[in-house]
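See below for the structure under consideration.
The values are calculated or read from the model by the stated rules, or taken from the named source; none is laboratory data. The model shown is predicted, which means the values in this text are computed figures rather than measured ones. When we count neighbours, we look across all protein chains shown, and the Cβ atoms used for this are built from the backbone with ideal geometry, even at glycine. For the accessible areas, the whole protein counts, side chains as well, though only heavy atoms, and no ligand, DNA or RNA atoms are used. Shrake-Rupley method; radii C 1.70, N 1.55, O 1.52, S 1.80 Å.
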Amino acid sequence: MRHGMTTSGLFQQSQAHSPSFFSVMRAMGQHGDDLADFCIPCNPYFPTDGMFGELERNLRTILKFYPSDAGAITAQLAHVLRLNPSTISLANGSTELITWIDHLLVDASIAVPIPTFGRWTDQPLETGKRVDMFLLKEANNFELRVDEYIEFVKRRGSRVAVLCNPNNPDGGYLSRREVIRFMDALEDLDLVVIDESFIDFVEAEMNPSVAAEAVVRPNVIVLKSLGKNFGLHGIRFGYQVSNPALTRKLSAALPKWNLNSLAETVIFMLAEHRAEYEDSLKRLALDRFMMNSQLSQFPELTVYPSQANFLLVKLPGSVDGAELCDYLLTEHHLLVRQCGNKIGMTSQFMRFGVRPDTEVERLVEGLRGVERLGGGRHTPPIELVSHSREPERSIS
């Protein structure tokens with residue numbers, strides 16, 4: 001790799017978040033074209049090749065002309081989602097919405113389970129808020145126990161509470177019924193945020209989102225990420241759903257032209273390609289099941305159940321995640337995510353984005369070859385055994 005760049009160095013530069021795919025490609029030089037990305041969880045089946053072809057044919061127009069204003073694009077998304085446009089705000093990625101939620105709606109304190117998406121702790125800390133961190137316990141498979149979290153929020157006197165469902169990085173999922181119970185128990189708070197960035201990947205129940213419940217509650221915002229679902233992280237688009245008063249407050253703070261023409265084009269394509277999108281989710285669910293099965297064959301690894309498009313894996317004590325990241329990148333051209341820079345986790349934990357079989361085979365081969373990592377210190381190899389352990393979940 002050029003300039004001695006390692007993934008550990010890239011992660012240190014990016015603090016609690018993953019390095020960009022482009023940064024790693026540049027660091028790899030001539031090997032960048034062979035890079036397989038298990039780091040950023042992305043839908044590999046959407047948009048379809050046909051949709052990409054349509055985008056390519058219209059690229060000159062898309063890039064040359066100014067996009068519509070946020071209101072016009074929001075109205076189209078509301079039409080596709082069958083929601084009232086007065087309850088939706090579109091933004092340049094869910095992180096833009098997290099930033100404005102913090103500035104506009106978080107006065108003093110916010111409760112956040114950890115580990116979770118880093119911006120929910122980093123953003124309010126950067127603006128001087130008190131962040132009450134509720135530790136999800138490894139002994140409980142990082143399961144969020146609703147009654148314990150509610151009691152924690154009330155005991156700490158937090159005025160805002162966040163819940164990510166499914167959670168990142170473990171993929172743990174709370175049923176819709178439990179999330180509604182959580183919202184109802186905290187109706188006296190200034191705000192409750194349900195981050196559903198990965199909700200479309202859930203197969204545990206039909207209609208898992210609580211967005212319809214948010215619009216009839218005075219203090220609830222549901223956050224959505226289109227980039228993750230649609231496999232288009234580079235576009236940067238997300239949205240929130242809440243009652244019209246909260247939506248107006250957020251929308252008033254957002255720039256009138258805060259989405260680009262490429263995002264607009266994709267949103268207007270969705271109505272015609274809903275079936276392909278639903279098919280992509282089914283294919284990814286099968287990939288998750290198969291990848292879980294493959295990784296669960298390594299007796300040294302602990303693979304946690306997930307309803308998202310990634311899997312959390314605990315390494316044996318003899319293997320350090322930062323060193324494993326560098327080994328897999330330099331020797332196998334695989335970009336993977338270790339969680340040592342996530343609050344509430346260590347580098348013994350890895351988050352692998354769900355990928356198709358051909359790429360998972362490369363990951364399995366890389367894990368088979370782990371022998372020496374870090375300054376000549378001997379690390380016992382991770383060996384694939386012939387028997388297989390039943391995966392935590394099967395697809396429905």
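At-a-glance table
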item: Unmet criterion (only one of (1) within 23 Å of the chain's Cα centre (by Cα); (2) without any contact (Cβ under 8 Å) to a residue 40 or more places away in the chain) for E272; result: (1)
item: Search result, residues across region 224-264 that are assigned to a helix (DSSP H, G or I), among the small types (G, A, S) and out of contact with any helix residue (DSSP H, G or I) (no Cβ under 6 Å at 6 or more places or on another chain); result: G227, A245, S251, A252, A263
item: Total residues in region 97-124, condition surrounded by 15 or more Cβ atoms within 10 Å (Cβ to Cβ) and touching a strand residue (DSSP E or B) at 6+ places or on another chain (Cβ under 7 Å); result: 15
item: Some residue of region 25-36 being surrounded by 15 or more Cβ atoms within 10 Å (Cβ to Cβ), in a loop (DSSP other than H, G, I, E, B) and either in contact with a helix residue (DSSP H, G or I) (Cβ under 9 Å, 6 or more places away or on another chain) or modelled with pLDDT under 90 (or both); result: yes
item: Near pairs, Cβ below 6 angstrom, 6+ apart or cross-chain, from region 199-226 (charged (D, E, K, R)) to any residue that is in a loop (DSSP other than H, G, I, E, B) and open to solvent by less than 40 Å² (accessible area, probe 1.4 Å); result: K224/E196
item: Search result, residues across region 153-211 that are under 21 Å from D107 (Cα atoms), outside any loop (DSSP other than H, G, I, E, B) and of a type in the set (A, V, I, L, M); result: V153, V160, A161, V162, L163, M183, A185, L191, V192, V193, I194
item: Pick from region 146-202, criterion acidic (D, E) and in contact with a Leu (Cβ under 8 Å, 6 or more places away or on another chain), ranking: most open to solvent (accessible area, probe 1.4 Å); result: D190
item: Only one of R355, R377, R393, R372 that is charged (D, E, K, R) and modelled with pLDDT of 95 or more; result: R355
item: Members of region 222-248 that are within 19 Å of D37 (Cβ to Cβ) and among the charged types (D, E, K, R); result: K228, R236
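The rows are residues; the columns are (1) among the charged types (D, E, K, R); (2) surrounded by 21 or more Cβ atoms within 10 Å (Cβ to Cβ).
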residue	(1), (2)
N207	no, no
A212	no, no
V222	no, yes
K228	yes, yes
H233	no, no
Y239	no, yes
R248	yes, no
M269	no, no
V303	no, yes
